[in-house]
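Asker: I'd like to ask some things about the structure below.
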Amino acid sequence: MSSLAEATALPELTTDDLQRYARHLILPEVGLEGQRKLKAARVLCVGTGGLGAPLALYLAAAGIGTLGLVDFDTVDLSNLQRQIIHATPDVGRLKVDSAANKLLALNPALHVVRHNTMLTSANALEIFRDYDVIADGTDNFQTRYLVNDACVLLGKPNAYGSIFRFEGQCTVFAAEDGPCYRCLYPEPPPPGLVPSCAEGGVLGILPGLVGVLQATEVIKLTLGIGAPLIGRLLLIDALSTRFRELKLRKNPDCPVCGTHPTVTELIDYNQFCGVAGAEESVREAAVKGGALPQQNGVNQIPVQELKRRREAGENPFVLDVREPWEYQIANLGGHLIPQGELAARTGELPRDQTIVVQCKSGGRSQNAAELLQARGFRVENLAGGITGWSNEIDPSVPKY
Amino acid sequence: MDIYIPTPLRAYTGQQATVSVEADTVDAALAQLTTAHPELKRHLFNDDGRLRAFVNLYLNDEDVRYLPEKQGTKTTQSDALSIIPSIAGGGGEARYSGRC
């Protein structure tokens, strides 16, 4: 399309628009035509959490015409420390509804499309197809690879941001001739080497910083101005307030965007990341009250069984393998040995009775139980951990 | 030269964000790093002693995989080596591959 035809195809600005976007219109780099490009743009925010919240708010404010929101979750009180698109009265609401509400209050002319669903290999291409730019604000490796592959297959740029504790990364993947996520990270880390939630946590303002960087890239890509973060990875360290930039190269052997791609359709990303549906089956079995399947040879017990034993006066030995600061927030009165110290402190544990190993939601305690079982202890893992106990048995036990 | 340790791996360097080594190649720097902090080894290298595919290593702002001599590249004291891990967080719930 010629630039003249393109300009005539762009939507007109209303009188309200001219006033609302006055500070854009007087920037020569944006101007009337740029603002009309923003109005014509269709941007998809995958996730309306820590990154998606500031991202969507700024894009709505800037005059992006259509914003799609993908999220299946509901607002939880613990989200509000960073997910500023949601507020206290929204706790319990669908995130896409809560977010749409704020975005429309900010900019009533905005067209919001709610995708209240989990992004999967079955729906990603269909959802992405309607958008010009995708902004990835998801929070797990499976969805990161899914978003990347869908972007490459459809030829849509991905304004990417990710965060961990005090550290963030931002770049633009899958732009024309630019590298993709798999060029940088051909394989996901195996689940055992992914930091556990005890090592997780995030400084609440950090997703604000990174989400706004993503929004900046979306605006630049839409306007076609400046130098987008294509082929450059920006590293943000909030603790030292250091920003560093690394060169990203397109890998000619990349399985999805290389010269001879082997990934030509979306795959099973749970399998690719080594996270089978095992945890779901534990949860489902617990709900149905059935026996839980063993995990790596370790017996699993539901929280209801621990409650029954305690009430029957069986006095089960509960070993809590979380960190002391977690124990301080909430505990089930178990014997505390943090997972990292366990190997050196097994002398504190009984050999004449079964040990019920417990953590936050059952992952670390599974590792600990495997270690103890290998050393000859009789162990069971408490499926769902203290979070499960709070959900199923005693809601007065705080969740964190 | 300084080696930058990313947050997820600082648990294995006593929370140090940078580790200083005196080494004349990338390989020698990594060897010194993992000798000083042995627990890092299994996070950086697979059983064959090769760098894991999900760990990226940068010498200054260049990916070591794309340097002609790769991990054999000569280094000086003023160079900086950075370990870049894949992080997936988005400020949602802590869904670190279900290991919570």
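The values are calculated or read from the model by the stated rules, or taken from the named source; none is laboratory data. All values derive from a computational prediction rather than experimental measurement. When we count neighbours, we look across all protein chains shown, and the Cβ atoms used for this are built from the backbone with ideal geometry, even at glycine.
Asker: So which of A:100, A:135 ends up being crowded, with 16+ Cβ neighbours inside 10 Å and either in a strand (DSSP E or B) or within 14 Å of chain B (Cβ to nearest Cβ) (or both)?
Answerer: Step by step, each of A:100, A:135 is checked, and only A:135 is crowded, with 16+ Cβ neighbours inside 10 Å and either in a strand (DSSP E or B) or within 14 Å of chain B (Cβ to nearest Cβ) (or both).
Asker: So if I check each of A:374, A:312, which one is farther than 28 Å from residue B:12 by Cα, more than 32 Å from the chain's Cα centre (by Cα) and of a type in the set (Gly, Ala, Ser)?
Answerer: Answer to the check: A:312.
Asker: Which of the residues belonging to segment B:30-82 are within 14 Å of another protein chain (Cβ to nearest Cβ), more than 18 Å from residue B:12 (Cβ to Cβ), surrounded by fewer than 17 Cβ atoms within 10 Å (Cβ to Cβ) and not charged (D, E, K, R)?
Answerer: Passing the criteria: B:53, B:60, B:66, B:67, B:68, B:80.
Asker: Got a number for residues in segment A:350-389 being under 14 Å from residue A:304 (Cα atoms) and within 14 Å of chain B (Cβ to nearest Cβ)?
Answerer: So the answer is 9.
Asker: Then there is this: Of these, A:114, A:165, A:93, A:129, which one is in contact with a Leu (Cβ under 9 Å, 6 or more places away or on another chain), surrounded by fewer than 16 Cβ atoms within 10 Å (Cβ to Cβ) and among the basic types (Lys, Arg)?
Answerer: Of the residues listed, the single one that is in contact with a Leu (Cβ under 9 Å, 6 or more places away or on another chain), surrounded by fewer than 16 Cβ atoms within 10 Å (Cβ to Cβ) and among the basic types (Lys, Arg) is A:129.
Asker: Being over 22 Å from the mean Cα position of the chain (by Cα), surrounded by fewer than 19 Cβ atoms within 10 Å (Cβ to Cβ), of a type in the set (S, T, N, Q) and not assigned by TED's automatic domain parsing to the domain that holds residue A:225, is that true of even one residue in segment A:60-67?
Answerer: no
Asker: While we're on this one: Taking the options A:232, A:242, A:165, name whichever one is of a type in the set (Lys, Arg), touching a helix residue (DSSP H, G or I) at 6+ places or on another chain (Cβ under 8 Å) and within 11 Å of another protein chain (Cβ to nearest Cβ).
Answerer: Values: A:232 fails: touching a helix residue (DSSP H, G or I) at 6+ places or on another chain (Cβ under 8 Å); A:242 fails: touching a helix residue (DSSP H, G or I) at 6+ places or on another chain (Cβ under 8 Å).
Among A:232, A:242, A:165, only A:165 is of a type in the set (Lys, Arg), touching a helix residue (DSSP H, G or I) at 6+ places or on another chain (Cβ under 8 Å) and within 11 Å of another protein chain (Cβ to nearest Cβ).
Asker: Now, a different point. Counting only residues that are of a type in the set (D, E, K, R) and modelled with pLDDT under 90, how many does segment A:178-205 have?
Answerer: So the answer is 2.
Asker: Can you spot a residue in segment A:25-47 that is touching a residue at least 12 places away in the same chain (Cβ under 8 Å), within 14 Å of another protein chain (Cβ to nearest Cβ), buried (at least 24 other Cβ atoms within 10 Å of the Cβ) and not in a strand (DSSP E or B)?
Answerer: Checked against the condition, which is being touching a residue at least 12 places away in the same chain (Cβ under 8 Å), within 14 Å of another protein chain (Cβ to nearest Cβ), buried (at least 24 other Cβ atoms within 10 Å of the Cβ) and not in a strand (DSSP E or B), segment A:25-47 yields at least one hit.
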